[in-house]
Amino acid sequence: MGAAHGRRVLALGLALLVVLRGCAAQGGDGGSDAPAAAAAPATAPMEEKQRAALYAAIEGFVGKGWNGSGLYPDPCGWSPIQGVSCDLFNGLWYPTSIRIGPVLDNSLQCAPDARFSPQLFDLRRLRTLSFYSCFPASNPTAIPAASWERLSGSLETLEFRTNPGLTGAIPASLGRLASLQSLVLVENNLTGPVPAELGALLKLRRLVLSGNGLSGPIPAALGNARHDELLIVDLSKNHLTGSLPASLGGLRGLLKMDLSNNQLDGSIPPELGGLRNLTLLDLRNNSLTGGLPQFVQGMESLQDLLLSNNPLGGSLPPSGWEKLGDLAMLDLSNVGLTGAIPESMAALAGLRFLALDHNRLTGPVPARLAQLPNIGALYLNGNNLTGALEFAPGFYQRMGRRFASWDNPGLCYDVAAVDAAHAPAGVVVCKDLQEPSVPRDGEDGGGRKPEASSSLVASSSAGFSAARVGGFWSVVSVQGTVAAFLGLVLL
């Protein structure tokens, strides 16, 4: 009995030994159970032509000393390049995004003699191409005029930001990038006209060309009614001339339009009233005329309406302001307004910033303006307003330097209602307005703005001195405050 049991144990042991040897033999033949450390990393499958084109394109920007094949032998796999992304198509990897510029410590950065390599246009799956601070003024470089059509089926985003050496015109051939959704050319040194061919980019969602030296009129083609996906148009800080094309009113999906700081003239076309989704309309610092258009009160989505420093003329609409329930910022300083401030403006429940300074407004200041629930800045200085300010003492204390009403010779305040510490700067006491006293030597006249008040603009971001081009006016404006409230770039 014991011998039989021993033989069974011995047979089981021999069988186990055979099994273990078989497993070891399979591992020795290179099976999947081999230790990971012994296997070489797998290379992401990639067309050799695409790999070579990627190396050549990047080398053109970062310099000839860049050894791409040595540093990054598998750019879409285990040795990725910072700023380069890849995607898989039909079992092969292709570069789809290239971002060059000093964004991160290990980002690719352009050499002083950076240039465009023809191989860039061989990257046929490229979706994003972005350059930041790549072309200095010492290396004047133009955007290539040809070959963009080779990327028409793939490129969705093209960006050049802060490149002082990027010169010349915007190529009309960019209008062939049929898949483009975002074109951002910001703070470069581009000149010449805005190409009408950009109106053919029907998938475009963002067009930002601000901070260049572009000139000529705004092409009517940009208002292509088939641009139903366009959300942002920013052509600010250029030298654009002529009138606003009525066709811009066809951009029914538009959310933000910034055409400020140009040389545009003529009236604001009523067709813009059709932009029912618009939240920002910024036309500051142009030469627009024709008065404040009545149709803006029907643009119920507006949050920021900025028209300052234009010789618009006209008066404030007496009613209809309650329709603009979302309006948070209204800048109408230095636009030549006449007449009274309508009390109906107190219906702007969402208003945070109101600038009516440096106009020719007359009559009293509506007391209900102080009851605006969200008001944080109110500028009425530099007008011909008259009568007594009837704001509660708490209003002056809360607003401080963000309320300005000086340079209104007929305006006064009740000394019984406001203590001297919170009295409105540059405004006389009502009894002094009726019986002006002669100031003693060394004392300031009651109707003059005190020096402490004038430092409101000079000592903070609340303003800057601006001379109106063409002799319109010379004023001290509150543009810095507008910029601070906006926190805005569009793009």
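The values are calculated or read from the model by the stated rules, or taken from the named source; none is laboratory data. Model, not experiment: these values are computed from the prediction. A quick note on method: Cβ atoms are made from the backbone with ideal geometry, for glycine too, and the neighbour counts reach across all protein chains shown. Quick note on the areas: whole protein, heavy atoms, side chains included, nothing else; ligands and nucleic acids left out. Shrake-Rupley method; radii C 1.70, N 1.55, O 1.52, S 1.80 Å.
When G273, G291 are checked against the criterion of being over 30 Å from P136 (Cβ atoms) and outside any loop (DSSP other than H, G, I, E, B), G273 stands alone in meeting it.
For (1) more than 27 Å from G382 (Cβ to Cβ); (2) outside any helix (DSSP H, G or I); (3) among the hydrophobic types (A, V, I, L, M, F, W, C), each residue gets a yes or a no:
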{"residue": "L254", "(1), (2), (3)": "yes, yes, yes"}
{"residue": "M257", "(1), (2), (3)": "yes, yes, yes"}
{"residue": "L281", "(1), (2), (3)": "no, yes, yes"}
{"residue": "F295", "(1), (2), (3)": "yes, no, yes"}
{"residue": "S301", "(1), (2), (3)": "yes, yes, no"}
{"residue": "N309", "(1), (2), (3)": "no, yes, no"}
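The residue that is least open to solvent (accessible area, probe 1.4 Å), counting only those in the range 235-272 that are among the basic types (K, R) and under 15 Å from L222 (Cα atoms), is K256. Does S215 satisfy the criteria of being surrounded by fewer than 21 Cβ atoms within 10 Å (Cβ to Cβ) and either in a loop (DSSP other than H, G, I, E, B) or not charged (D, E, K, R) (or both)? Against the criterion (surrounded by fewer than 21 Cβ atoms within 10 Å (Cβ to Cβ) and either in a loop (DSSP other than H, G, I, E, B) or not charged (D, E, K, R) (or both)), S215 qualifies. Within the range 135-146, the set of residues being open to solvent by less than 30 Å² (accessible area, probe 1.4 Å) and either within 20 Å of R125 (Cβ to Cβ) or assigned to a loop (DSSP other than H, G, I, E, B) (or both) comprises F135, N139, I143, P144. Would you confirm, using the coordinates I've provided, whether S85 is exposed (fewer than 10 other Cβ atoms within 10 Å of the Cβ) and either in a loop (DSSP other than H, G, I, E, B) or modelled with pLDDT of 95 or more (or both)? For S85, the condition - exposed (fewer than 10 other Cβ atoms within 10 Å of the Cβ) and either in a loop (DSSP other than H, G, I, E, B) or modelled with pLDDT of 95 or more (or both) - is not met. Look at L190 and say whether it is over 21 Å from L307 (Cβ atoms) and buried (at least 17 other Cβ atoms within 10 Å of the Cβ). Spelling it out, L190 is indeed over 21 Å from L307 (Cβ atoms) and buried (at least 17 other Cβ atoms within 10 Å of the Cβ).
Within the range 100-116, is there a residue that is under 20 Å from R176 (Cβ atoms) and surrounded by 14 or more Cβ atoms within 10 Å (Cβ to Cβ)? The answer is yes, given that some residue of the range 100-116 is under 20 Å from R176 (Cβ atoms) and surrounded by 14 or more Cβ atoms within 10 Å (Cβ to Cβ).
Among residues of the range 317-332 that are among the small types (G, A, S), those with a Cβ under 8 angstrom from a residue that is open to solvent by less than 10 Å² (accessible area, probe 1.4 Å) and in a strand (DSSP E or B), sequence gap 6+ or separate chain, pair up as A328/F353. Hey, can you tell me all the residues within the range 147-169 that are open to solvent by 10 Å² or more (accessible area, probe 1.4 Å) and not polar (S, T, N, Q)? Those that are open to solvent by 10 Å² or more (accessible area, probe 1.4 Å) and not polar (S, T, N, Q): E149, R150, G153, E156, E159, R161, P164, G168, A169. Of all the numbered requirements in (1) touching a residue at least 24 places away in the same chain (Cβ under 8 Å); (2) more than 20 Å from P118 (Cα to Cα); (3) open to solvent by 30 Å² or more (accessible area, probe 1.4 Å), P80 misses one, and that requirement is (1). Looking at the range 220-233, is at least one residue of a type outside the set (V, I, T), open to solvent by less than 20 Å² (accessible area, probe 1.4 Å) and assigned to a helix (DSSP H, G or I)? Taking every residue of the range 220-233 in turn, at least one turns out to be of a type outside the set (V, I, T), open to solvent by less than 20 Å² (accessible area, probe 1.4 Å) and assigned to a helix (DSSP H, G or I). Restricting attention to the range 260-290, the residues being of a type outside the set (D, E, K, R) and touching a helix residue (DSSP H, G or I) at 6+ places or on another chain (Cβ under 9 Å) number 13. The set of residues in the range 332-345 that are of a type in the set (G, A, S), touching a Pro at 6+ places or on another chain (Cβ under 6 Å) and open to solvent by 10 Å² or more (accessible area, probe 1.4 Å) is empty.
Candidates L120, L129: the one that is within 21 Å of L204 (Cβ to Cβ) and in contact (Cβ under 8 Å) with a residue 24 or more places away in the chain is L129. Scanning the range 360-401 for residues that are in contact with a Gly (Cβ under 8 Å, 6 or more places away or on another chain), among the polar types (S, T, N, Q) and crowded, with 19+ Cβ neighbours inside 10 Å yields one hit, N381. Pairs are defined by a Cβ separation below 7 Å, a sequence spacing of at least 6 or placement on different chains, a first member in the range 89-100 that is in contact (Cβ under 8 Å) with a residue 40 or more places away in the chain, and a second member that is among the aromatic types (F, W, Y) and in a strand (DSSP E or B); the pairs so defined are I100/F131. Of the candidates D407, D357, the single residue that is assigned to a loop (DSSP other than H, G, I, E, B), among the charged types (D, E, K, R), open to solvent by less than 30 Å² (accessible area, probe 1.4 Å) and in contact (Cβ under 8 Å) with a residue 24 or more places away in the chain is D357.
Does P311 meet the test of being in contact with a helix residue (DSSP H, G or I) (Cβ under 6 Å, 6 or more places away or on another chain), surrounded by fewer than 20 Cβ atoms within 10 Å (Cβ to Cβ) and modelled with pLDDT of 95 or more? In short, no.
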